[in-house]
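Peer 1: Submitted below is the structure of interest, expressed as structure tokens.
The values are calculated or read from the model by the stated rules, or taken from the named source; none is laboratory data. Here the structure is a predicted model, which means the values were calculated and not measured. All Cβ positions, even for glycine, are placed from backbone atoms using ideal geometry, and neighbour counts span all protein chains on display. The accessibility values were calculated without ligands, DNA or RNA, using every heavy atom of the protein model including side chains. Shrake-Rupley method; radii C 1.70, N 1.55, O 1.52, S 1.80 Å.
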Number of protein chains: 6
Amino acid sequence: MRVLLVNPNISDSVSDLIRAEAQRSASPGTEIEVLTAPFGVAYIETRFEALLGAHAAAQVAAEHHARFDAVVVAAFGDPGLAGLREVLPVPVTGMTEAALASAHLLGHRISIIAISQRIQAWYREVVESYGFGSRLASIRALDRPISAIGGVQQEHAQALKALAERAVVEDGAEVIVLAGAPLAGLARSLHGQLPVPVVDGVSSAVRHAETLAALKPGRARSGSFAPPPAKPHRGLHPAIARLLDHPR
Amino acid sequence: MRVLLVNPNISDSVSDLIRAEAQRSASPGTEIEVLTAPFGVAYIETRFEALLGAHAAAQVAAEHHARFDAVVVAAFGDPGLAGLREVLPVPVTGMTEAALASAHLLGHRISIIAISQRIQAWYREVVESYGFGSRLASIRALDRPISAIGGVQQEHAQALKALAERAVVEDGAEVIVLAGAPLAGLARSLHGQLPVPVVDGVSSAVRHAETLAALKPGRARSGSFAPPPAKPHRGLHPAIARLLDHPR
Amino acid sequence: MRVLLVNPNISDSVSDLIRAEAQRSASPGTEIEVLTAPFGVAYIETRFEALLGAHAAAQVAAEHHARFDAVVVAAFGDPGLAGLREVLPVPVTGMTEAALASAHLLGHRISIIAISQRIQAWYREVVESYGFGSRLASIRALDRPISAIGGVQQEHAQALKALAERAVVEDGAEVIVLAGAPLAGLARSLHGQLPVPVVDGVSSAVRHAETLAALKPGRARSGSFAPPPAKPHRGLHPAIARLLDHPR
Amino acid sequence: MRVLLVNPNISDSVSDLIRAEAQRSASPGTEIEVLTAPFGVAYIETRFEALLGAHAAAQVAAEHHARFDAVVVAAFGDPGLAGLREVLPVPVTGMTEAALASAHLLGHRISIIAISQRIQAWYREVVESYGFGSRLASIRALDRPISAIGGVQQEHAQALKALAERAVVEDGAEVIVLAGAPLAGLARSLHGQLPVPVVDGVSSAVRHAETLAALKPGRARSGSFAPPPAKPHRGLHPAIARLLDHPR
Amino acid sequence: MRVLLVNPNISDSVSDLIRAEAQRSASPGTEIEVLTAPFGVAYIETRFEALLGAHAAAQVAAEHHARFDAVVVAAFGDPGLAGLREVLPVPVTGMTEAALASAHLLGHRISIIAISQRIQAWYREVVESYGFGSRLASIRALDRPISAIGGVQQEHAQALKALAERAVVEDGAEVIVLAGAPLAGLARSLHGQLPVPVVDGVSSAVRHAETLAALKPGRARSGSFAPPPAKPHRGLHPAIARLLDHPR
Amino acid sequence: MRVLLVNPNISDSVSDLIRAEAQRSASPGTEIEVLTAPFGVAYIETRFEALLGAHAAAQVAAEHHARFDAVVVAAFGDPGLAGLREVLPVPVTGMTEAALASAHLLGHRISIIAISQRIQAWYREVVESYGFGSRLASIRALDRPISAIGGVQQEHAQALKALAERAVVEDGAEVIVLAGAPLAGLARSLHGQLPVPVVDGVSSAVRHAETLAALKPGRARSGSFAPPPAKPHRGLHPAIARLLDHPR
């Protein structure tokens, strides 16, 4: 099985983190490939940046999906995920959706630990758009400058762990989700150090992608996840145009 | 006062409808300009198409906003609206949000009449993302092929009126929203023919944009509608890059 | 255009504040008239007082509406608004509903700043009755005695500004609504002093009333905002009886 | 124990139905008195009429409560109930709230059978304002003219029973509430004829009023059900003025 | 009238508290009997313990219900209540459901005071399963070891009162529910000492059971509270098997 | 890896279906064992039967879990799941929760196809207790007698497929969940025959159990999924007593 992870941000250092955790968590025999967005920002924190990242993720997935059994949108917040689910012929998972799917199986109330104050509003809107708001205990976030996005988890490891502990004690979190591709792998290094289960987005997204590819639930030919109806378009990247003109 | 309406679709015929209704409904002294997306599809019905339209709307608004007192995202579903509200220095309204704001002042339960079956799921998600789901009586939509998007309201006038009547009788609608820029102006021509108030997105969006520009409630310098934090980016349209580098 | 604002309280000093802000914010050519309730209390803080104010507002509106193109219920909490919308032949707006409609177009999470602790529960119930509870970040209120209701905004300006700042920092408010007719005009004097947009109820209600009167969405002849069915009544004020006997 | 039931409508024939069912369902030793509103309409179907009925109920309760251990607002929709709970020194129940409290103990999903189409929207808003919307399976209502309000249950007995049966079969109702004082006693005559439990508002309101009077849970001296703060007022009925000036 | 209260825990000391409060609060002529679970734990705090208590309560009720007009599940959290409502021929109430039904008639926002930190999550899930979450202001709980479950209310009376006071001041509670059979009778001894009404689960459950038995709303022969369909079973307690084989 | 599936019903024929589908869907190297409840009913349709099945599942899991890396509660409705998650040292999944977790990754609106009319209310309550109600498009169920529970999917294959098709067309389902262990494997045989993805509970529960066992998110030592506090108990099955006395 081959799984493509698309980093909707331009940060190669984060793509490295994603690749490392994806490889550690994939089942035996799964091949992992990580591609980085050709345009966009270093890391998405806002709705406007997500809008850019969604298009970038769509373009990368459109160009490269044909060689893969499943695709992962490898940024928390899942920019472009629902749209890609309409057009790609293979299962698509995203880090937020997958992490929450795992977390739902481990406890009732879930807290998300994030890398910046600003990112919280967007994360909350994404969680609520999935209908999962009632399970969200809190979102807590670092409130300090990030010197290099690929080094956040080393630089701020103690602060991140402290945020998780406060989420447990003060917010009643029964599961912790470490949010954001820059934190990929941190759950693994914190193993046993927190009093509740800890979930990582990359490993969850890879595992759930494998499961969907293995169980073969079938494609949508009807409803809002069927391919978009054919219609005139203009000025689109050829790979995107191809998805619209020749739907799966 | 000058108001820019951005059509996130590539359809010039729909831009004409938008312009006509915007001019009819604007206050005396308001100048209207309508611009059409340089890339995208003929009319957005799905999440994937909305993702493309959001980027196109952002690009047009980024390039042209400086000459205007307010900007309107002139497609129902409001692609790009929340993101643009973060980065533009002037008020931004969208057709769905504005039509619902008007409708909320006219009755409790609201039905949306739409131009295609497929478009309903996306509309519903947008309405729910605004927290307005409890006021939504129903979405009803045409189920016939659209021969030319700019001619929908002429071609299907009776069917659209019949859908509105069913929404009143069967769904308990107390207000009707005629959804989609291709229906701009239809509320005006149906005046007096339906037993409940009828709201149009373009006129609502223009009027609310004027009101916000006139009342000058102030810009967000804090919270999730403040400009995004500065950070590295790559490959973006110069006008978008300028918005990120030199926030209002 | 002529707009009638009805103060459901007996406080002439507050009617003066309402009149001043309504005139400042109305469009050119709009004539404003403010009338004060003939019975009731100095300012409504509770459900029981709102019940009295609703009847008083209904009576004033019933007597005087014929000369106006739109009516505004000029107390936050909107006593009598939904009922008047059933019986009056012109659009009716209320301060809470209108302020929230404006605020919804400026940010996602909204905080209300109020003049007394006691008033908060009633405000919350009104906001929730409109289905807008999910957008409400918080209600914060003064906790000090009010010496003269018409002088609250002068006497407590700093405390009110501080409450708004706490709502932004602690509650995540992205828009502030300054609630209550006694605060009419305060948003204007605080302009630029708060890090998020600030909305005033009187100006919002006047502007939205103008918009509804201009767009002419049509009257409800069906559904729960149509005039009440004819039936026997007894002991009602003649103007109210007339509304029931001769519906628009 | 003495219980006062206030009919917020002017219909003496309905007061007779209320009195008969209240006496049948009261505990041994409870004395029942029913008073009719001095002003208002024959039966409340709309928000505007409810606004009038609320004031009328308040005036009757203000004048007469001193001789009673508990007060019942004897119209479905509970006009004035929450306000009276602030000002009266004894427990107050209402037909809707009490019927739902009983129904909640008998099944999960509840349907309300009402006497007119128009009345449904108001009932629904009341149920939702109590936070009980998620238990509401449906509201179904007669769609025929009412010749005499006191004779509805005789005239339309079969139609009302048929509505209840449809609510069970089509809406999944597990409990039926027969709504409206004009239906007082109908649950008793339908006993055993419906496949789910049937609840009557008058008997529930009387019984719950007795329970609250017996258990003596204490009065609110704090929070939003404490008496309103003292303040100037003008033009109020002397009994209402007395409640405001000399709170319990 | 004869009412059976089933203590789903093995604690005879708590059964004594239940009996005492039930007798104090029952109407004249009502006979009270309290039975203790033959298996289970000393007091239920978790979902796993509730699962055991539900079966124990079911067994006791199955064996003994025939002599009674109504049955009460006498543990907060109501283990087994909904299931017993399907199979027993008489009304069944539970302490949580009944306390909330009473509390709903006394104020809008309700706080629950509980005997242990751990118990809060289970209580919250039960309240939300009833659809009553929007009325819940908070759950506050003792955070100290319980030396003897039957002596909690004496040992921790001041701490429990302080929790209730904090719920009023900090959480906006308008009604206090003292939760858990070990607190039976505490509301009575706190009478007049708290600024809002206080509700006790045992007295509420007994009174509401009496009311349902008196009003005779009828049994469910349809819907999800009708007796379970007949089917093979194995290894069940004879009294439970009898309920399944010979439904009411 | 070794996974234990516990059938909370007494039906060996259904255990065979569970075993077959679990083996087909497990990853290479996973060993499957299925155990059948020693007491209970043939198939759970009601809350009362679920109460019995929960205890039976708990007893089987308590006796046998030590040899396994993960446990699956193999009945739709997940009787006992949340309780077992508190006490077992290994991950526990249930069919409903796992099927929904899979379905959430495939579409937005989900319909559940069930084997009997009566079972629907219980399923709905379980889905809502997980906070997943907003994603539920509908539950549709067979309305015909079941001659042998192990043969439902053969006997009623066409009717079940027709229900799924109606859920897509009439309810807007974007994913179908075939509910109930008696339908284990049906999704596989319907592959490609429905226009939307189809999810099976057994395969989802097995795969998610494997994922949780592989990712090792850690155990809860705090919060409501930590082991219950030690306390007196009586009359419990020795294996259950051992879980309470010697928590993981």
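Peer 1: Where in segment A:127-239 are there helices (runs of 4 or more DSSP H), lying fully within it, with 2 or more residues that are assigned by TED's automatic domain parsing to the domain that holds A:Arg47?
Peer 2: Correct list: A:201-215.
Peer 1: Separate question: Identify, from the list F:Ile18, F:Ile32, F:Ile112, the residue that is more than 27 Å from E:Glu49 (Cα to Cα), touching a Leu at 6+ places or on another chain (Cβ under 6 Å) and at pLDDT 95 or above.
Peer 2: Checking each option against the conditions leaves just F:Ile18.
Peer 1: What do you reckon, is E:Gly77 within 13 Å of the chain's Cα centre (by Cα), surrounded by 24 or more Cβ atoms within 10 Å (Cβ to Cβ) and assigned by TED's automatic domain parsing to the domain that holds E:Arg221?
Peer 2: Yes.
Peer 1: Being in the same structural domain as D:Ala220 (by TED's automatic domain parsing), of a type in the set (Gly, Ala, Ser), under 27 Å from C:Gln59 (Cβ atoms) and open to solvent by 10 Å² or more (accessible area, probe 1.4 Å), is that true of even one residue in segment D:13-29?
Peer 2: No, segment D:13-29 has no match at all.
Peer 1: When you look at A:Gly192, is it crowded, with 24+ Cβ neighbours inside 10 Å, at pLDDT below 95 and on the phi > 0 side of the Ramachandran plot, yes or no?
Peer 2: So A:Gly192 does not fit the description; no.
Peer 1: Say we look at segment F:85-120 and pick out the residues that are within 14 Å of chain E (Cβ to nearest Cβ) and over 16 Å from the mean Cα position of the chain (by Cα); which of these is most open to solvent (accessible area, probe 1.4 Å)?
Peer 2: So the residue we want is F:Gln117.
Peer 1: Condition first: free of Cβ contacts under 8 Å to residues at least 12 places away in the same chain, in contact with a strand residue (DSSP E or B) (Cβ under 8 Å, 6 or more places away or on another chain) and of a type outside the set (Ser, Thr, Tyr). Can you find one or more residues in segment E:42-50 that meet it?
Peer 2: Step one: of segment E:42-50, the residues free of Cβ contacts under 8 Å to residues at least 12 places away in the same chain are E:48-49.
After this cut, where a residue has to be in contact with a strand residue (DSSP E or B) (Cβ under 8 Å, 6 or more places away or on another chain) as well, the list is E:49.
Within this subset, residues satisfying the condition of being of a type outside the set (Ser, Thr, Tyr) are E:49.
Within segment E:42-50, one or more residues are free of Cβ contacts under 8 Å to residues at least 12 places away in the same chain, in contact with a strand residue (DSSP E or B) (Cβ under 8 Å, 6 or more places away or on another chain) and of a type outside the set (Ser, Thr, Tyr).
Peer 1: Mind listing whichever residues of segment C:147-161 are surrounded by 19 or more Cβ atoms within 10 Å (Cβ to Cβ) and aliphatic (A, V, I, L, M)?
Peer 2: Matches in segment C:147-161: C:Ile149, C:Val152, C:Leu160.
Peer 1: Just checking, which of F:Val168, F:Val175, F:Val199 is within 16 Å of the chain's Cα centre (by Cα), away from chain E (no Cβ under 14 Å) and either open to solvent by less than 10 Å² (accessible area, probe 1.4 Å) or under 27 Å from A:Arg221 (Cβ atoms) (or both)?
Peer 2: Only one candidate passes the filter, namely F:Val199.
Peer 1: What's the number of the condition C:Val41 fails, among (1) over 20 Å from C:Arg85 (Cβ atoms); (2) open to solvent by 10 Å² or more (accessible area, probe 1.4 Å); (3) over 15 Å from the mean Cα position of the chain (by Cα)?
Peer 2: (2)
Peer 1: If you don't mind, there's one more thing I want to ask. Tell me which residues, restricted to segment A:202-217, are at the interface with chain F (Cβ under 8 Å from one of its Cβ atoms) and hydrophobic (A, V, I, L, M, F, W, C).
Peer 2: Result: A:Leu212, A:Ala214, A:Leu215.
Peer 1: Just one of (1) in contact (Cβ under 8 Å) with a residue 24 or more places away in the chain; (2) more than 13 Å from chain A (Cβ to nearest Cβ); (3) of a type outside the set (Asp, Glu) trips up B:Ala148, so point out which.
Peer 2: Status for B:Ala148: all satisfied but (2).
Peer 1: Within segment D:106-125, which residues are hydrophobic (A, V, I, L, M, F, W, C) and in contact with an Asp or Glu (Cβ under 6 Å, 6 or more places away or on another chain)? Lay out the reasoning, then the answer.
Peer 2: Let us first name the residues in segment D:106-125 that are hydrophobic (A, V, I, L, M, F, W, C), namely D:106, D:110, D:112-115, D:119, D:121-122.
The answer is D:Ile119, and nothing else.
Peer 1: Under 6 Å between Cβ atoms, which residue pairs at least 6 apart in sequence (or on different chains) link something in segment C:183-208 that is within 12 Å of B:Leu215 (Cβ to Cβ) with a partner that is among the β-branched types (Val, Ile, Thr) and at pLDDT below 95?
Peer 2: Close Cβ pairs satisfying both conditions: none exist.
Peer 1: Follow-up. Taking A:Gly180 as the residue in question, decide whether it is open to solvent by less than 10 Å² (accessible area, probe 1.4 Å) and either free of Cβ contacts under 8 Å to residues at least 40 places away in the same chain or under 21 Å from the mean Cα position of the chain (by Cα) (or both). Outline the logic, then answer.
Peer 2: Working: open to solvent by less than 10 Å² (accessible area, probe 1.4 Å): yes; either free of Cβ contacts under 8 Å to residues at least 40 places away in the same chain or under 21 Å from the mean Cα position of the chain (by Cα) (or both): yes.
Here the answer is yes, as A:Gly180 does meet what is asked.
Peer 1: Looking at (1) over 25 Å from A:Gly29 (Cα atoms); (2) out of contact with any Leu (no Cβ under 8 Å at 6 or more places or on another chain); (3) free of Cβ contacts under 8 Å to residues at least 60 places away in the same chain, which is the one condition that is false for A:Ala66?
Peer 2: (1)
Peer 1: If we keep just the residues of segment B:85-112 that are polar (S, T, N, Q) and not in a helix (DSSP H, G or I), which is farthest from B:Asn9 (Cα to Cα)?
Peer 2: Ranking the qualifying residues of segment B:85-112, first place goes to B:Ser111.
Peer 1: Now for a different question. I'm trying to understand the selection: among the residues of segment C:221-248, which are within 7 Å of another protein chain (Cβ to nearest Cβ) and either open to solvent by 40 Å² or more (accessible area, probe 1.4 Å) or without any contact (Cβ under 8 Å) to a residue 24 or more places away in the chain (or both)?
Peer 2: C:Arg221, C:Ser222, C:Gly223, C:Pro229, C:Lys231, C:Pro232, C:His233, C:Arg234, C:Gly235, C:Leu236
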